[in-house]
Amino acid sequence: MYNRNLYYKIWFIIGGAISFILVLLKGISINFKDLVPLLGILFTASGITLVFEQLVFKRILWIKKPHWFYSWLCPIPYLGGEWTGELISSYTNPETEKEIAPIKAKLKIIHKFDCIEVRMDTENIHSVSVVSDILVVNDETKYLYYTYRAEPDYDRGQNRIHEGTVKLRIEFDKNKKTILNGTYFTNRETIGKMRFQKTT
């Protein structure tokens, strides 16, 4: 989901810089008798860094300006927001014995800095991801993977609660808009294709 080595190096450097500034402000010389105050400064700097990372970076900067971090820190574009598209299922209607027509669907993706959640709604089913992550195969091939639990809104005798797994490739169209395109399978022994385009 993000470059962990670079991310922790950045916070280590910020923590070191805060420690150095606090040492200068306190006027402490680096020797053995000043070890206790120095350790106090290091713990203070660690606390300040942690607060900044959790409250300022993750809850303000990432939420307001996630695109700032694309490519150099996060290898995938920001996926949070609303998506519209359709899924084509192998499910066969028992009455007609034919595959059903493509189903219109909406995705809502909640993309936090270090985790991602996917919710999907169709005319009769609401599903929520249970486990989700981003897989980067190489710099050009990136996937959103998630396992979900689906709860039908009605007709649960025929359209029962089920689980499934989705693999969506993160792509760009000719206008450089993000597209999610891929496949899914369920424990009802159905498979299908999915395609979504970001709307907000």
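The values are calculated or read from the model by the stated rules, or taken from the named source; none is laboratory data. All of these numbers come straight from a predicted model, not from anything done at the bench. Please note: Cβ atoms are built from the backbone with ideal geometry, for glycine as well, and neighbour counts cover all protein chains shown. What goes into the accessible areas is simple: the full protein's heavy atoms, side chains included, and nothing from ligands, DNA or RNA. Shrake-Rupley method; radii C 1.70, N 1.55, O 1.52, S 1.80 Å.
Observations on the structure shown:
- Selection count, segment 58-87, where residues are among the aliphatic types (A, V, I, L, M) and open to solvent by 80 Å² or more (accessible area, probe 1.4 Å): 2
- Ile28 vs. criteria more than 30 Å from Ile191 (Cα to Cα), at pLDDT 80 or above and out of contact with any His (no Cβ under 6 Å at 6 or more places or on another chain): no
- Of all the residues in segment 158-199, those that are free of Cβ contacts under 8 Å to residues at least 60 places away in the same chain and open to solvent by less than 60 Å² (accessible area, probe 1.4 Å) number 12.
- Selection status of Ile110, open to solvent by 40 Å² or more (accessible area, probe 1.4 Å) and either closer than 29 Å to Ile60 by Cα or modelled with pLDDT of 90 or more (or both): yes
- Residue in segment 93-112 that is nearest to Tyr78 (Cα to Cα), counting only those that are under 25 Å from the mean Cα position of the chain (by Cα) and among the charged types (D, E, K, R): Lys112
- Subset of segment 75-104 [in contact with a His (Cβ under 7 Å, 6 or more places away or on another chain) and small (Gly, Ala, Ser)]: Gly80
- Any strands (runs of 3 or more DSSP E) falling wholly within segment 113-155 and containing at least 3 residues that are surrounded by fewer than 17 Cβ atoms within 10 Å (Cβ to Cβ) and more than 11 Å from the chain's Cα centre (by Cα): 125-136, 142-152
- Yes/no for Leu42 being of a type in the set (A, V, I, L, M) and touching a residue at least 12 places away in the same chain (Cβ under 8 Å): yes
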